[in-house]
Structure formats: structure tokens, C-alpha cells
1. Which of the following residues is in contact with a Cys (Cβ under 6 Å, 6 or more places away or on another chain), of a type in the set (A, V, I, L, M, F, W, C), crowded, with 19+ Cβ neighbours inside 10 Å and not assigned by TED's automatic domain parsing to the domain that holds Arg85: Leu399, Leu440?
2. Filter segment 292-346 down to residues that are basic (Lys, Arg) and in contact with a Ser or Thr (Cβ under 6 Å, 6 or more places away or on another chain) and give me whichever is nearest to Pro73 (Cα to Cα).
3. Just for segment 14-25: of the residues that are surrounded by 12 or more Cβ atoms within 10 Å (Cβ to Cβ) and within 18 Å of Leu144 (Cα to Cα), which one is modelled with the lowest pLDDT?
4. Would it be correct to say that Ser187 is surrounded by fewer than 20 Cβ atoms within 10 Å (Cβ to Cβ), not assigned by TED's automatic domain parsing to the domain that holds Asp392 and not in a loop (DSSP other than H, G, I, E, B)?
5. Out of the residues in segment 373-395 meeting the condition of being polar (S, T, N, Q) and farther than 26 Å from Arg312 by Cα, tell me which one is surrounded by the fewest Cβ atoms within 10 Å (Cβ to Cβ).
6. Give all pairs with beta carbons closer than 9 Å in which a residue from segment 119-146 that is loosely packed, with under 14 Cβ neighbours inside 10 Å meets a residue that is at pLDDT below 95 and among the basic types (Lys, Arg); count only pairs at least 6 apart in sequence or on separate chains.
7. Do any strands (runs of 3 or more DSSP E) lying entirely in segment 1-117 carry at least 1 residues that are touching a Phe, Trp or Tyr at 6+ places or on another chain (Cβ under 6 Å), and which ones are they?
8. Which of the following residues is modelled with pLDDT of 95 or more, among the acidic types (Asp, Glu) and either under 23 Å from the mean Cα position of the chain (by Cα) or in a strand (DSSP E or B) (or both): Glu393, Glu420, Glu382, Glu373?
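The values are calculated or read from the model by the stated rules, or taken from the named source; none is laboratory data. This one's a predicted model, so the numbers in the text were calculated from it and none came from an experiment. We place every Cβ from the backbone using ideal geometry, glycine too, and count neighbours over all the protein chains shown.
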Amino acid sequence: NCEECTFNFTNWKEIIAVNRQIPGPSIQICQNDVLVVDVTNKIPEHSLTVHWRGQPNNEAPYMDGVPLITQCPIPSYTTFQYKFRVSSPGTHLYHAFSDQDRSRGLLGALIVRQPDRIDPLRKYYDIDSKHHIILISETSDKTLLINGRDPFPTGAALSIFNVKRNKRYRFRVAYTGGKLGCPVTLSIDNHLIKIIALDGNPISPSVADSIILSKGERVDFVLKTNQDTNDYFLRVKSCDGNGLALINYEGSRKGRDDRDKELKNDERSFDTALCESKIGRVCLGGVKSLQKIPEQLKKQPEKVMYLSFGSRIVNVNGEFSSRVYGINNLTFSYPSSPLLTQLSQISLSSVCDEVNVPEKCLGKDVCECVHVEYVRLGSSTEIILINQDISDEEHVFHLHGYRFYVVGFRQFDDAPVAEEIKLLDQQNVLFKRNFNNPILKDTIRVSKNSVVGLRFLADNPGRFVCFFVERQWVIIEIFRVLDT
């Protein structure tokens, strides 16, 4: 079948297939069912783990899929069984924890469905098909794949989504990231779309002609097929790449050759970034969740963490300079054994936080250690993210094991200083916190020179990863009072 052929036999790259598929097979499951997945690693001389993005794993923190934190990496020619309850409904992902393995194709959709009678979004759509899942990924600087398909150089490999006229279809979108990982913009020619969920969490619907999202984020939208019977391009654009798919109305011909002729819409975008909403643009701060924030999280939090992150240029051995990333001036290094299961095998001298810095770091420009922050089980917790990076890039923050309410945001002209941010917060002038149905997410974009406030209830014991900034992590340990 020539439609499945490779077009360029000289330009190739190594891939990782899941059950001989890229992306991997979509997992469709009901809320609160137990999911059992056997992962067999058939890659020679390469270990890996699989993370189940969006699932808290309350009963099984060992199943989170973080190497040397919750488990040992899965060696070559070895099988590891993941078994956990899928308690968080909505549009989610499974993917390799490693960015490199994820960009090579180890990823797939994890769709957790609710019964219609309890789905708060059911009234907004007529059809929720397993075939209307859009996974956006990168393979190079210039190409965005939609469900693993590259639309160039011909239209033969386009992903096609079949629809009937005058219906309301629920589409589920996830951007898995890749080499660049910059935000992408999704639009459908001549159509408006109604955004109804972010990261699997229902929101008050918002209508736009395009969606801007970043790596790891998921967006559900409803497409009303009220246009003439035809084919319409679904377009995805990033800072340096493009992707195409086709919305095929029943009765129209499949295939178009006018891909460069973009049909203009009403120029109203929905942006998952934190910014000021204005005419023609709806930002995250202007969106309301359908879930109210718990009363406990409206009060003064019992634990506040200030996490300043970014990169700086340091001199290495007096010979050359290097760009080093870190959180609170600490650069993460992996422990020798998994923290969750083999803590006794880890040297305490390798563990650190902002106050307890290892002796080996004294007098050095770079401190590499296992960065752990401690939170008491059941406490209301606030994280203040402070973007001090020297680059112009935004950074994406993802919290494992939890969802958080986005309660505050402030943009500065220059890189914020952590001590000044703490002082502003103590004076209650950092930002006005929003407790009126703040948005609920597990992944958030933090723009240059900005500060973001997040709150969550630490009710899930274990060791979980906050992930952002070029493979930099901080481990949040949720401990019981009697834990040692």
C-alpha cells in the first residue's frame, strides 16, 4: 500500500515503537478501573521507564514511572508490570520519562472515561469517538507529527478525522513535546472550537478559533460541524515547524492540494499561558474551573515552597564556560538507588535542600545533589515558582501525583530575585490570590521573568517529582508525622 510508504529513504532516524505502532495504542479505560500493563523493553543496551501523566497513583506510588525515584529503570530484555487504579478522568498520556525516548515515539493516549450521568461536560457534545484523539509530537526542527503522521511532501500521509455535518464532536488533544518543545497553535480552517477541559479537568467553556498549548498539556474541545460539506485542514504551528491533518465531512472527497491557502477565522485565540486576557485572546487567568477550590486551600497554607529556577553561565575548570540549570541554586543529580524503595542504600550526604547543602558543594559554583523538599501529609501547600532564567524561553512545570490550583501570577520587567519575592509575599503585595474557581491543572507554563502561585492539599503520601527546566527536578516527599 503506497499510502503507507516512506518517501525519503536517505533521511531516517531511530524510533521506538509500542506494539509496532507510533504513537502507541490508545488506552481507553473507565474511571476507577485497575490498569495492568506489562512493559517489555526490547531495546538493546538501553533502560527506560513509563510515566502515566495525569494519574495520581494514590494507592501505588511505585507505579509513577520515574527512574531511581519510584523504581529502577527497566533493563533491556526485561518486563516490568505497571498496575494501578486510574482515578483521574479525562484526557491523559503515557510516555517514556526520558525526553529522548519520548521524541523517538514511546508515547500514547490514556483516555479515562466517566459514565454519561456524572460527566459534567456531556451536555456540550453529541459524539466522543476514540478516533478523535490528536497527539502532536516532534521529530525534527521543521516537522510536527499528528498521530505519528508527517504530511509532507504529499498529502498521502495526512491524519484524517471523519465527521458528519451538523454534529458536535469532542476532540482530545495532547502535545507530547520533542526536540524544541516550544508552544504550538492548533486551528481548523473556517471553524470555531469550544474548549471544555484542560489537563483532564473540566472548565467553563470558552469559544475560540485557535488553541495555544505547550508540551505535556492536554486540551479537550468541541467542534460543531456546521460548514459546507468539504474537507478542512486542521493546522498545527510551532516556532519552527508545521503539521497538518484533515477534517473530512461525510460526502466530500478526501484530499486537498491547497494546503498553503489558510482559511481565516475570527482571530480569537485561547492561550494556556498565564497572561492578561484581552480582545481577541483568552488566557488561562481568565478561565474558570468547574470545580471549586476546597475551603482549606483558601486559608494561609501550612507549607510554602519558593522554587526559583533557571540557568546561568559558569566557568568549568578555568578553561571554558557552560550553561548550568538548577532549582534554588541546586542542580539535580540522580540517587544511586530508588528513593521510594531503597532509601537505606542512599548516602545522606548526597541529599540536599536550600538550607542543608552538602559539604562537597562548599566553595563550588555548581552544587549537584538529590534535591528533596519535605511536606507533612494532609497539609495545605503552596508553591511559588520564580522564573529567573537568562533565556527568553518559557518553562513548563509538571507536578507528579497531584493536581494544583493556579491562584496567582505576576509578570516582572526583569528577572525576579527570590529574596525580594519572599518579602513581597510576606507583605501581601506579591499578587492577589484568586479563589473564585481557579483553574485546576497538573502542567503549567511559566513565562520569562514571571512568578506563579500554585496550591494543593498534600493528601497523597510518597515521593513525587516536580519537573521542569532541562531535566531538572525537585523531589517533594509527602511524609506522615511518624515517618523517619
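1. Going through Leu399, Leu440 in turn, the sole match is Leu399.
2. Applying the filter and picking the extreme gives Arg323.
3. So, considering only residues that are surrounded by 12 or more Cβ atoms within 10 Å (Cβ to Cβ) and within 18 Å of Leu144 (Cα to Cα), the one modelled with the lowest pLDDT is Ile15.
4. Criteria not met by Ser187.
5. Across segment 373-395, the extreme among qualifying residues is Ser379.
6. Once the first residue is loosely packed, with under 14 Cβ neighbours inside 10 Å and sits in segment 119-146, its partners that are at pLDDT below 95 and among the basic types (Lys, Arg) give Asp141/Lys179.
7. Working: elements: 27-30, 34-41, 50-53, 78-85, 90-96, 107-113.
Output list reads 34-41, 50-53, 90-96, 107-113.
8. Of the residues listed, the single one that is modelled with pLDDT of 95 or more, among the acidic types (Asp, Glu) and either under 23 Å from the mean Cα position of the chain (by Cα) or in a strand (DSSP E or B) (or both) is Glu382.
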